[in-house]
Each structure stands twice: as structure tokens, then as C-alpha cells.
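Below: one structure, written as C-alpha cells.
The values are calculated or read from the model by the stated rules, or taken from the named source; none is laboratory data. Quantities reported herein were computed from a predicted structural model and do not represent experimental measurements. Ideal geometry is used to build each Cβ from the backbone, glycine not excepted, and the neighbour counts take in all protein chains shown. Note: accessible area is taken over every heavy atom of the protein model, side chains too, but ligands, DNA and RNA are not part of it. Shrake-Rupley method; radii C 1.70, N 1.55, O 1.52, S 1.80 Å.
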Amino acid sequence: MMALGTLLRKPPLPPGSCRAFWGWLNAVFNKVDHERIRAVGPDRAASEWLLRCGALVRFQGSPKWQQDYNGLPTGPLGKYKIEAINATDSCIMYRGFDYLDGLEHVTDIKLEKCMYIQDECLQRLSETSNLQKSLQQLKIISCGNVTDKGILALHKLTNLEYLYLSDLPGIREKETTFRVLQQALPNLELELDLE
């Protein structure tokens, strides 16, 4: 009986192996499928990516947040347009940001507790021409890899009306960063909750 218990006991995992597995899986979830984008349209493909990564989406004309991948609405190609993205606690990362290229109606994005969001992600976001035209509100909260460089990159979001920044320890030059951003975007309402 003792020998059976010894055989069934799992060997301990090497340190960091669980983290490496989840990092690999998150990278798989963020892999862009360009054929899928062509087949179902940019909004549907982006919705699938965001929900797969744990984010929520809201479509134009709907007050309801979509959170169930299997519950995504079906209908004619291009019927449902993403208006808002809530990426709280999601695993979205730079490699998946190509999904944002075809989105033309996104007015609101919330990035909260996104461990893979870094300066390059914010730069990519601000360089997405459709988002430069449509994005009006952006909230970045508790994203530890965001620094002054990432916040300064947001200056290309010329229609941004509201920016909320909170719990971003990587921002070191607060006054300079915000002054430069405010000069680049004079109509921006900037709300800060930073230590």
C-alpha cells in the first residue's frame, strides 16, 4: 500500500514552471489570426481575442458587457461593432494588438491590472489610426510596467477627451510627463490618482 502512494505522488514542480506555462498560454491566446479577421471581420475577431484573454467588450447600441466567449452575438458580417473594451485583469499583450487595427468605433478603453501592458503597448495603441480618430476615454490603472515613456506616447490619440491614471509606480517624472501630454492634447481632461 505504501508503494502505491509513493507512485501516485506527483514530483514537485520546478520553481517558476507554472508561471512559464501561463506565460506561454497567454502568448498563444494573443497570437493574431489574420485569416480569422478576414473571415469574420475585425470586430468579431477582436471580440474573440479580448474575451479569450479575459477582457470584456460592449457593442454599439448595447448597455450589456459581453464576457462569455460562447455568448458572442451572431449575425451578418460587420453587424456588431465594438464600442468599449474593459481589459481589467486580462492577459492582453502587445502581440495581440494587431486585432485593434480594424476597429473603427471604439470610444472607451480601460486597462486595469494588466500585467502584460507596457510602454510598447501604449505606443502601439496610439499609433493605431482608427483609434486616433475614435478613442475618447482611456483609463490606465495598476499596470506596473507602464512608465513615463508609455504615457507620453499617448499624444497621438488626438481625439482623446479623458485620461485617468492611477497606481502607476513606473511613472517617475509626473509633472514633466503630464505637462508635455497636456500641451500635445490641450482639450484633454487628465485625472490623476498617483502617489
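On C-alpha positions alone, give me the angle between the axis of helix 42-52 and the longest principal axis of the chain, in degrees, nearest 10. Here the helix axis deviates by roughly 50 degrees. Compared with the dominant Cα axis of the chain, that is its longest principal axis, helix 17-29 is turned about 50°. Among the listed pairs K64/K113; K113/K139; K31/K133; K133/K156; K31/K110; K81/K149, a Cα-Cα separation exceeding 19 Å is found for K64/K113; K31/K133; K31/K110; K81/K149. Taking 7 Å steps out from each Cα toward its Cβ at N187 and M115 produces label points 3.9 nm apart. Here the dipole of the chain is about 740 debye; that uses its Cα centre as origin and unit charges on the Cβ of Lys and Arg (positive) and Asp and Glu (negative). When you count the other C-beta atoms within 10 angstrom of each residue and take the mean per peptide, 55-62, 31-38 line up highest first as 55-62, 31-38.
With the simple spin-label model, which puts each label point 7 Å out from Cα in the Cβ direction, the S62 to R179 separation comes to 4.6 nm. Seen against the Cα atoms of the chain and their longest principal axis, helix 174-184 is set at about 50 degrees. So for the chain, considering every pair of alpha-carbon atoms, how many percent are separated by more than 24 Å? It works out to 44 percent of all Cα pairs. Converting phi to 3J(HN,Hα) with the Karplus coefficients 6.51, -1.76 and 1.60 and the offset θ = phi - 60°, the range 106-113 yields 6, 10, 9, 10, 10, 10, 10, 6 Hz in sequence order, with x at every glycine or proline. Per residue, the range 68-143 exposes an accessible area of 43 Å² to a 1.4 Å probe, with every protein chain left in place. The slack in the chain from L72 to E35, taken as 0.36 nm per residue of separation less the alpha-carbon distance, amounts to 11.4 nm. Relative to its Kirkwood radius, the Cα radius of gyration of the range 62-156 gives an Rg/Rh of 0.96. On the chain, 53 percent of the accessible area sits on carbon and sulfur atoms, based on a 1.4 Å probe.
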